[in-house]
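The values are calculated or read from the model by the stated rules, or taken from the named source; none is laboratory data. It should be emphasised that the depicted structure is a prediction, and the values quoted were computed from it without experimental measurement. Note that we place each Cβ from the backbone using ideal geometry, even for glycine, and neighbour counts take in every protein chain shown.
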Amino acid sequence: MNPAKAYLGILARIFREKGLQTVVFSPGSRNAPLIRAFTAIPGLRILSVPDERSAAFFALGIALRTGRPTAIACTSGSAALNYAPAVAEAYYQHLPLLVLTADRPAEWIDQGDGQAIRQENLYANYIKKYFLYPQHVIGEDDVQYIMRLANEAFEESLLPEPGPVHINFPFTEPLYDFSPDLTTPVRIIRTTGKLPAPTATEVEELAHIWQESSKKMILTGQIPAGHAPESPLDVLAEDPSVILLTETTSNLHLESSIPGIDKVVGTVTEEEAELFAPDLLITVGGHIVSKMIKRFLRDHPPREHWHISPSGSRIDTFRSLTRTIKGNPEIFLQALAEVANVKHGKSEYALRWYERDRCSETRHAAFLKNVPFSDLKAFDIIFRGLPEESTLHLSNSTPVRYSQLYRMPKRFHFHCNRGVSGIDGCLSTAAGAALDAEEDTFLLTGDIAFFYDRNGLWHEHLSNKLKIILINNGGGGIFRFIEGPDTTGRLDLFETPHRLTARHVAALHDIPYLEANDEKTLSENLGTISTMPGPVILEVFTPREENGRILREYFGRLREG
């Protein structure tokens, strides 16, 4: 019996005691020792998803929903390569994944053996740390190393910011000749302490800069639902020199904020840009979706830009970063609010933004009132028709951009894979997040993202709460309104035109299917899908060639007057 395989039981038990709840396997033989070890641990939920790319995104969705590390485990070779897109997304979105890859023994790599590739540090650029499980266990030192490895890998996936950790397991044959060690006492090593809080001196220094600035902008990127620092932001936004710009994925619901950034920024002319540009910019959260605000702030950089990050990451999105504030965003903003807002300065900065927002919102409503059925109209109907407090997963690339144009009529919880912003895995991520959901979980997806990830439906773990709303505009609609592709004369190479529908995909997986072609059928079916048991697909057909024209006309109307 191979002791190294037996001691997998120690690693699995430590993971379980530290809080691991779910392991998502993909079928294979080389990972048989991992299957045997983890299935022997009481209380672990073991799932099987055949496609490794889908499996990894499915686990990412679980980690996103729970905030706890989720493990994925696969066989060797290209199976491990198929994890890469989700590993990269987890890295840039700060989600805790334990990536467990079975491997051939080192002596067989590059020797013409099947499924034997160079797997050591395979995801080097997209993980927090890499570990190599010992191929041979010789004595007590190796056993203690396995314990330290398991503890460190789990802790590293969570602190100071979450992210993926990779453990590679070179297994010799035979693969089934052991029983997991379930008796050796295990050591649990925990990390205590909190993120550093700013000192009083540091807060005073920054508060002085704050009070000297007459045009202050707080811009929030992606923040998980329930983690947005609403209270201190609401206090800071009382200052008339402060404007708070929020994106859909910020999950902030404040009356003091401007949620439709593009609707306002898109109307600012070069002649008046200086009036809207900040001299102090504070950014909180992850990636920013709006290309308009990125361009605006790069063209008109603030004098000071502070980015708040638990890990102290130096995110210089606007090429104006002057200070990284390492710590908990809510704690820092609360400390700043207590000092900086003692006396509000005189400024018309916020008023200027609010007035432009009001004008844009009026023109937005007038345009939508008369616009024909299209992507723009469909999303308006969808956001008005979905139940309050629903969880909405937005696929890349078109749905998340359209969502930026609406002042949401209800409180929703938004998610989107904006770490890497790829279309791969949007369906699988939503399916994983819906697994334990109590509320309806809607995936709002474009057609290309849906068909690209349709293997996300190929498993037995689809939740009854998963509802898929598919906007089918015949292929890659975003390329009809971003600058460039329509000038090449080969739009077909950007757009992915097609005649596919989801009807047969739904039938293949025995999922109820509805379709809508106009306002009436869309409104009716929106009222139906929440009442239907089990997962369901609602496919909404919109005119491909009209969508781009309508959106360009929309922004033209916003700029009128």
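A count restricted to the range 193-224 and to residues that are part of a loop (DSSP other than H, G, I, E, B), crowded, with 18+ Cβ neighbours inside 10 Å and not hydroxyl-bearing (Ser, Thr, Tyr) stands at 6. Condition first: of a type in the set (D, E, K, R) and touching an Asp or Glu at 6+ places or on another chain (Cβ under 9 Å). Can you find one or more residues in the range 316-324 that meet it? For the range 316-324, residues of a type in the set (D, E, K, R) and touching an Asp or Glu at 6+ places or on another chain (Cβ under 9 Å): present. Inspection of the range 237-247 finds a residue satisfying the criterion of being at pLDDT 90 or above, β-branched (Val, Ile, Thr) and within 28 Å of residue 397 (Cβ to Cβ). In the range 314-323, the condition of being outside any loop (DSSP other than H, G, I, E, B) and either closer than 22 Å to residue 230 by Cα or at pLDDT below 95 (or both) is met by at least one residue.
For the range 97-117, residues that are of a type in the set (D, E, K, R) and either over 22 Å from residue 35 (Cα atoms) or in a helix (DSSP H, G or I) (or both) total 3. Anything in the range 233-287 that is without any contact (Cβ under 8 Å) to a residue 60 or more places away in the chain, of a type in the set (D, E, K, R) and outside any loop (DSSP other than H, G, I, E, B)? List them, or say none. Answer for the range 233-287, where residues must be without any contact (Cβ under 8 Å) to a residue 60 or more places away in the chain, of a type in the set (D, E, K, R) and outside any loop (DSSP other than H, G, I, E, B): 234, 270, 271, 272, 274. Filtered by the rule that a residue be at pLDDT below 95 and in contact with a Pro (Cβ under 8 Å, 6 or more places away or on another chain), the range 466-502 gives 473, 474, 475, 476, 479, 491, 494, 495. Within the range 1-31, the set of residues being under 22 Å from residue 104 (Cβ atoms) and surrounded by fewer than 17 Cβ atoms within 10 Å (Cβ to Cβ) comprises 1, 3, 27, 29.
Can you say whether residue 141 is more than 21 Å from residue 17 (Cβ to Cβ), outside the structural domain of residue 8 (by TED's automatic domain parsing) and not aromatic (Phe, Trp, Tyr), as far as the supplied structure shows?
Working: more than 21 Å from residue 17 (Cβ to Cβ): yes; outside the structural domain of residue 8 (by TED's automatic domain parsing): no; not aromatic (Phe, Trp, Tyr): yes.
For residue 141, the condition - more than 21 Å from residue 17 (Cβ to Cβ), outside the structural domain of residue 8 (by TED's automatic domain parsing) and not aromatic (Phe, Trp, Tyr) - is not met.
Considering only helices (runs of 4 or more DSSP H) fully contained in the range 1-95, which possess at least 2 residues that are within 23 Å of the chain's Cα centre (by Cα) and of a type in the set (A, V, I, L, M)?
Details: elements: 3-6, 8-17, 32-39, 52-66, 78-81, 84-93.
By residue number, 52-66, 78-81, 84-93.
Mind listing just one residue for me: the one in the range 234-275 that is of a type in the set (Gly, Ala, Ser) and under 15 Å from residue 411 (Cβ atoms) and, of those, surrounded by the fewest Cβ atoms within 10 Å (Cβ to Cβ)? Among them, the one singled out is 257. Among all residue pairs at least 6 apart or on different chains, which show Cβ distances below 8 Å where the first residue, located in the range 412-425, is in contact (Cβ under 8 Å) with a residue 40 or more places away in the chain and of a type in the set (Asp, Glu) and the second is assigned to a loop (DSSP other than H, G, I, E, B) and crowded, with 22+ Cβ neighbours inside 10 Å? Pairs found: 424/453. One residue stands out among those in the range 153-176 that are of a type in the set (Asp, Glu) and in a loop (DSSP other than H, G, I, E, B): the one that is farthest from residue 131 (Cα to Cα), which is 173.
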